[in-house]
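Everything on this sheet refers to the single structure shown next.
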Amino acid sequence: MNTLNKYKFHILGIIIGAIAGYAYYYFIGCASGTCAITSKPLNSTLYGAVMGALIADLFKKEKEKSI
């Protein structure tokens, strides 16, 4: 349970990013099929998940280390 609390922002970012990536593919996508990321739903979903995790990491608070 401690691990889940430790990575809750990353997990939430991955889920939101994956949904956003798939939504981008579904609503905008790439009609010609030549776009590397948005031509397939798997690519855009994985890209969104990675971007979601990275953005979520920006909002994570760092604990101060005592000397």
### Subset tally (residues that are loosely packed, with under 13 Cβ neighbours inside 10 Å and either touching a strand residue (DSSP E or B) at 6+ places or on another chain (Cβ under 8 Å) or not in a helix (DSSP H, G or I) (or both)) for the range 1-55
7
### Message
I'd like to know if the range 35-46 contains one or more residues that are touching a helix residue (DSSP H, G or I) at 6+ places or on another chain (Cβ under 9 Å), modelled with pLDDT of 95 or more and hydrophobic (A, V, I, L, M, F, W, C).
### Response
yes
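The values are calculated or read from the model by the stated rules, or taken from the named source; none is laboratory data. Everything numeric in this text was worked out from a predicted model, so none of it was measured. Cβ: placed from backbone, ideal geometry, glycine included. Neighbour counts: every protein chain shown.
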